[in-house]
Amino acid sequence: MAIEKIIGIETEYGIAGGPSGDPIFASTLIVNAYAQLVKSSIRWDFEGEHPDVDARGQKGLNQFAPAVERTVANTVLTNGARLYVDHAHPEYSSPECRSPLAATQYDVAGEMIMLQAQRAANEILGQNEQIRLYKNNSDGKGNSYGTHENFLVSRTVPFTEIVRAMLPHFVSRQLLFGAGKVGAETDTGRFSNPHFQLSQRAEFFEEVVGLETTMKRPIVNTRDEPHADAERFRRLHIINGDANLSQVATFVKVGSTALLLGALEEYGCEAFPPPPTSPVAAIRSFAQDLSWVDETYPSVYVHTESGARFSSWEYQNELWLLAQRYVEDTGAALVAEHSEVVLLMTQWRELIDGLRKDSMIVANRIDWIAKYRMVAGFRERYGLDWNSAKLAAIALQYHDIVPEKSLARMAKLFELITPEMANQAMTEAPTDTRAYFRGESVRRYSNEIASANWDSIVFKSSEGALQRVPMMDPTRGTMELTSSLFGECSTATELLERLER
Amino acid sequence: MAEQERVQKHRTEKSESDNEMVDQSGAKADKLKAELDELLDEIDIVLEENAEEFVRNYVQKGGE
């Protein structure tokens, strides 16, 4: 059974500064500052949060299963997103989006929401307490935090097939979507003493499949928490990617992944290139393949069980061909409308071809190449060592969310999302998923909502009675299905009466 | 003779166009170099003043 590829992106932002340098307090200030700015008082509802349920169906597999945190700042926005403190980071979880471009639009809106939050928080803080936010995934000292992608997939595809089919993409896609970093920061990463790596995250992966996200990180995460009807849907939770400043990278990263999941539902896992014999070694060694920017570095290849040899480029090329077959056979309407699918396939192809021809052609679309260009240029100009603090500073400041400080902005990255599109997405939910019902309910009836989460809203009547409205299908609750309902109900009480009829 | 001329002409054309390509890629390389220099100048202006301290102080708790 093929399923519309509903997509969401969760981003934990790096945070520095704040009163007493406490990152949890600083993150709380960020979230609360934005909540006050937009007068949001909706609490997150933890009913239905089960991050410890494993997609492989067994319990007790993992000692380090994540627990739900209930105490910190946590709110729901009119665009359908969740803004909250996750561990010691402010996190923006985008609303459910119906296409890769929409997911990119809501990711960019998240950057702007964080920027407004930072400005609002800093207005009330002293000069030496100013908070700074970074859209990145590591601190260069062995601490990593995630950018997670979520895709709605059919329950009919066995989880083992998802693992088998998607591993080649998960280990090789960093070639196009890695955000880059100078040096290494884990014991195994440092072992080969790389000058620069394609991915921020690759060296943190230690397992192929597993439930954890904070330690012993697996390339394929098994969290089985669909936030939807579990009989029909699976939410594939992907934790191996980097946060991108390049909008094209975000778009093609989620778009290529969505197309390949569609191809998996259509053809099964046999249509995919074979996975490497050691996926963990593959993701780490592909991260160190600098031959794309400097011929003096050796090319990196991995081997499959049958003895075949793949570079990350060869994997991407084969996966593109498979996606192209899927587009030709089905039109890929489950991923996006036709013109967007064409844009997606063209951009993906241009990144692949550009790398082979002259990687500087794609320095305006691939984050790690944009960053490498700056770092290597600076190194050459001043005759610096690869471990110079100046180079590490450039690599970090690339991710600063403040436009005047952001080095990514100076790289003149190609933009797909206009400022108008981003502005709209800060306050208005996507119209074509259940995020519309959540966002509009929050906008119209905030005084009558006790709490909300991904798959339900709890309304409270003036007498104080609570009533939960479930939203178990992410493809429903759209503008088309609910706008007349909203138009006719000026209060949540009226809405609930109508829903009961 | 005519055949030879044609070959000769073809060669001349080819070598001219080769030179053109070299000129073009030379000009392109110069342009890329100039763009990179400009970018590095900009970075010099906005890069955190004390790089060592900036990098050292950026310590995160793991997340996810």
### Task
Counting helices only, and only those DSSP H runs with n ≥ 4, report the 222 nm mean residue ellipticity of the protein assembly as shown as the sum of -39,500 (n - 2.57) divided by its residues, in deg cm²/dmol to the nearest 500.
-14000 deg cm²/dmol
### Query
Within the set A:Lys39/A:Lys412; A:Lys135/A:Lys460; A:Lys135/A:Lys216, which residue pairs have Cα atoms separated by over 30 Å?
A:Lys39/A:Lys412; A:Lys135/A:Lys460
### Summary
A correct fewest-to-most ranking of A:Lys181, A:Lys39 by other Cβ atoms within 10 Å would be A:Lys39, A:Lys181
### Task
Calculate the spin-label point distance for A:Lys357 paired with A:Ser154, positioning each point 7 Å from the Cα along the beta-carbon direction, and give it in nanometres.
3.8
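Would you mind giving the mean number of other chain beta-carbons within 10 Å of the Cβ of each residue in B:32-45, as a whole number?
Mean shielding count: 4.
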## Note on the structure
Gyration tensor (Cα only) of segment A:431-500 to equivalent ellipsoid, semi-axes in Å sorted down, yields 18, 13, 10
### Cα-centre dipole for segment A:7-422 with unit charges at Cβ (Lys and Arg positive, Asp and Glu negative), debye to 20
740
### Helix A:159-172 axis, angle to chain A major axis (alpha carbon atoms, nearest 10°)
50
### Query
Which is farthest toward the positive dipole end of chain A among A:Gln130, A:Met112, A:Cys97, measuring Cα position about the Cα centre, with Cβ charges +1 (Lys, Arg) and -1 (Asp, Glu)?
A:Gln130
#### Entry: Residues A:Lys253, B:Lys28, A:Lys216, sorted so that the one with the fewest Cβ neighbours within 10 Å comes first
B:Lys28, A:Lys216, A:Lys253
### Task
Compute the Cα gyration tensor for segment A:7-422, then decide on rounded, prolate or oblate, letting a ≥ b ≥ c be the square roots of its eigenvalues: rounded whenever a/c is under 1.5, prolate when a/b is larger than b/c in the other cases, and oblate in all that remain.
rounded
### Query
Residues with beta-carbon under 15 Å from that of A:Ala425, excluding A:Ala425: net charge, scoring Lys, Arg +1 and Asp, Glu -1?
-4
### Message
Which log10 I(q)/I(0) values does segment A:286-432 give at q = 0.18, 0.19, 0.20 Å⁻¹ under the Debye formula, counting every alpha carbon as one identical point scatterer?
### Response
-1.22, -1.26, -1.29
### Task
Would you mind giving the mean number of other chain beta-carbons within 10 Å of the Cβ of each residue in A:138-147, as a whole number?
4
### Query
Once you average over the residues of A:339-350, how many Cβ atoms of partner chains fall within 10 Å of each Cβ?
0
### Message
What are the ³J(HN,Hα) couplings of segment A:12-18, residue after residue, when phi is run through the Karplus curve with 6.51, -1.76, 1.60 and θ = phi - 60°? Round to Hz, x for glycine and proline.
### Response
8, 8, x, 9, 9, x, x
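Give me A:His195, A:His237, A:His50, A:His89 sorted ascending by neighbouring Cβ count inside 10 Å, so fewest comes first.
A:His50, A:His195, A:His237, A:His89
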### Query
What is the gain in length, in nm to one decimal, between A:Thr431 and A:Ile124 on full extension, counting 0.36 nm per residue of separation less the C-alpha to C-alpha distance?
107.0 nm
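Taking 0.36 nm per residue of sequence separation and subtracting the Cα-Cα distance, how much length would be gained by fully extending the chain between A:Glu415 and A:Arg43, in nm to one decimal?
Gain in length upon complete extension: 130.5 nm.
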### In order through segment A:77-89: 3J(HN,Hα) via Karplus (6.51 cos²θ - 1.76 cosθ + 1.60), integer Hz, x for Gly, Pro
9, 5, 7, x, 7, 10, 10, 7, 9, 10, 6, 10, 9
### Query
How much length, in nm to one decimal, is gained on full extension between A:Asp294 and A:Gln424, taken as 0.36 nm per residue of separation minus their Cα-Cα distance?
42.7 nm
## Note on the structure
Rounded to one decimal in nm, the spacing of the 7 Å Cα→Cβ label points at A:Ile24 and A:Thr346 is 5.0
### Residues in segment A:450-484 reached by a label modelled at A:Glu500 [backbone nitrogen below 14 Å; 7 Å Cα→Cβ]
A:459-469
### Message
Taking 2.2 N^0.38 Å as the expected size of a compact globular protein, what ratio does the Cα radius of gyration of segment A:109-210 give against it, to two decimals?
### Response
1.42
### Message
Antiparallel versus total DSSP beta bridges in the protein assembly as shown: what percent is that, nearest 5?
### Response
90
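Taken together, the values in this text are just the output of simple stated rules run on the coordinates, not laboratory data. Quantities reported herein were computed from a predicted structural model and do not represent experimental measurements. Note that we place each Cβ from the backbone using ideal geometry, even for glycine, and neighbour counts take in every protein chain shown.
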